[in-house]
1. Which values, in whole Å and largest first, are the semi-axes of the equivalent ellipsoid of the chain obtained as the square root of 5 times each eigenvalue of the Cα gyration tensor?
2. Residue 236 to residue 120: FRET efficiency via 1/(1 + (r/R0)^6), r the Cβ-Cβ distance, R0 35 Å, to the nearest 0.05?
3. Report, in degrees rounded to the nearest 10, the 0 to 90 angle that the Cα long axis of helix 109-120 makes with the longest principal axis of the chain.
4. Nearest 10 degrees, 0 to 90: what angle lies between the long axis of helix 157-169 and the longest principal axis of the chain (Cα atoms)?
5. Run the simple label-point estimate for residue 6 and residue 100 please: 7 Å along Cα→C-beta, distance reported in nm.
6. How many nm separate the modelled label positions at residue 84 and residue 18, each set 7 Å beyond the Cα in the direction of the Cβ?
7. Which value at 222 nm does the chain reach when only helices count, each DSSP H run of 4 or more adding -39,500 (n - 2.57), with the total divided by all residues and rounded to the nearest 500 deg cm²/dmol?
8. Select from 49, 182, 240 the residue whose mean-square fluctuation is largest in a Gaussian network model of the chain (Cα-Cα springs shorter than 10 Å).
Ligand SMILES: Nc1ncnc2c1ncn2[C@@H]1O[C@H](COP(=O)(O)OP(=O)(O)OP(=O)(O)O)[C@@H](O)[C@H]1O
Ligand SMILES: [Mg+2]
């Protein structure tokens, strides 16, 4: 990623849940267009809370965010729910940890992709089929009738994660939030999915907020890393090529941050 990218997301936010105060304390993050930012931190440090704040889904967990979440020039905290609905899945895509539970078990893969397309787009079914075929091939999945007719129980977990990623990028969002997207996968599939994120970033210019416990994977694909400890950002570091190749000491240093309560 080069340096002249403009700001896509800039947030300064504090979050309380109904029975837990100060879950995020004045967390500041900035993500430029086309950039991959890794967000690491121990379990319970507030990583998913940041993702839910950006998507304005905290109310589902009885949480409240205060502050500013500036996305493409708009403060998301000021938008109506209707405006947020038109933004989720279109301008901001989301990929979660468990592909099997994120997909509908009774609908075919094809039907779920068509539904995801029609939420934000009009146009004939030929256009819809073309976009789906194109997107499936961009995530290295087949797009023949046999595959599209299958249900989630008839594909592998790695394929299911690719389907979810396809859904998340169907409308070419400018931001993709990936919350622990590889933790349900075996090591080989994890590497393939990481490669896929990198390709989508390079080919489509999608900025990614990549949330993970896995420092090696974060070091492999991210431009910068932010470290969250108990609801506060304690460190933000660029990932240089040198650090990618000789990353041991660096990753140990980060591990130290993550283990420090
Ligand atoms: N609905 C809720 N009500 C009260 N506290 C909550 C709620 N949801 C999460 N928390 C608390 O908020 C803190 C941050 O949770 P969050 O899920 O953001 O952590 P995380 O960094 O994503 O962890 P993990 O790596 O395990 O996914 C934790 O202490 C958690 O117990
Ligand atoms: Mg989480």
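1. Working through the eigenvalues yields semi-axes of 29, 22, 18 Å.
2. Numbers: r = 33 Å, r/R0 = 0.93.
Result of the calculation: an efficiency of 0.60.
3. 70
4. 90
5. Output for this residue pair reads 4.5 nm.
6. Result: 1.6 nm between the two label points.
7. That comes out to -11500 deg cm²/dmol.
8. Looking only at 49, 182, 240, the largest GNM fluctuation is found for 240.
Coordinate-derived values only; no laboratory data. Given the structure is predicted, the values throughout are model-derived calculations rather than measurements. Quick reminder, even Gly has a Cβ in these numbers, built from the backbone with ideal geometry, and neighbours come from all protein chains shown.
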